[in-house]
Structures are given as structure tokens and as C-alpha cells.
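The values are calculated or read from the model by the stated rules, or taken from the named source; none is laboratory data. A quick note: this is a predicted structure, and the numbers were derived from the prediction, not measured. No Cβ is skipped: glycine too gets one built from the backbone with ideal geometry, and neighbour counts run over all protein chains shown. Just so you know, the surface numbers come from the protein's heavy atoms only, side chains and all, with ligands and any DNA or RNA stripped out. Shrake-Rupley method; radii C 1.70, N 1.55, O 1.52, S 1.80 Å.
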Amino acid sequence: LVRPPAAGLCVPPRDAEALAGALAALLRDDERRAAMGRAGRAIVEAEYSSTTYCDRHLRLYEELAAQGARAETR
């Protein structure tokens, strides 16, 4: 879900100073925080809605069923 720079920030692993700096920057910038929240929500709505989730699973099941059917005819 984190898609820098629009929908999140990345900092190096185990770098508390970088994390503190990133959080401090966001705390000082209401507009940026709000924009990142909107961008994150848009990602979730587009890629993780129940409809999208169900559609992806149905396609996966259809692909697996087709593979199984091809394997049985060999």
C-alpha cells in the first residue's frame, strides 16, 4: 500500500532517526498528510475493494480449473 512519494514514505530499516525525521516532516505538513491519506484511500478502493478482490479470486480459480482440465486431457 505504501507508494512513495504520493501515498507514503519509506525509510531505511532499523533507522530510528530517519523514521523520526519522516514523522516530524508529516506532523508539520497538514496538506501533505491529507494528500497522502487521499492517495492511500484511492489505492485501497481501486485495488482492494470487495468487488476487485472477488474478481481476482474468481479469475484465479478459473485459471486453475483450466490448468486442471488441460492436465486431465494429457
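At-a-glance table
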{"item": "DSSP-assigned coil residues among chymotrypsin sites (Phe, Trp or Tyr not before Pro) in the chain, each with at most 16 further Cβ atoms within 10 Å", "result": "48"}
{"item": "Full-extension gain in nm, residue 62 to residue 49, via 0.36 nm per residue minus C-alpha separation", "result": "2.7 nm"}
{"item": "Among (i) 15.5; (ii) 12.7; (iii) 13.1, the entry that matches Kirkwood radius over Cα pairs in Å as calculated here", "result": "(i)"}
{"item": "Accessible area expressed per residue, the chain, with surrounding protein chains retained (probe 1.4 Å, Å²)", "result": "82"}
{"item": "Total formal charge among the other residues, if their Cβ is under 12 angstrom from that of residue 40, Lys/Arg +1 and Asp/Glu -1", "result": "+2"}
{"item": "Whole-Hz couplings from phi, Karplus 6.51/-1.76/1.60, listed for segment 60-74; x for Gly and Pro", "result": "4, 4, 5, 5, 5, 5, 5, 5, x, 5, 5, 5, 6, 8, 7"}
{"item": "Karplus-derived HN-Hα couplings along segment 43-57 (A = 6.51, B = -1.76, C = 1.60, θ = phi - 60°), whole Hz, x at Gly and Pro", "result": "4, 4, 5, 6, 10, 10, 5, 4, 5, 4, 4, 5, 4, 5, 5"}
{"item": "Spin-label model distance (nm) - residue 29 vs residue 70, 7 Å beyond Cα toward Cβ", "result": "4.8"}
{"item": "Carbon/sulfur fraction of accessible area - segment 1-43, other protein chains in place, 1.4 Å, %", "result": "61"}
{"item": "Accessible-area order (highest first, 1.4 angstrom probe) of the listed residues 33, 14", "result": "14, 33"}
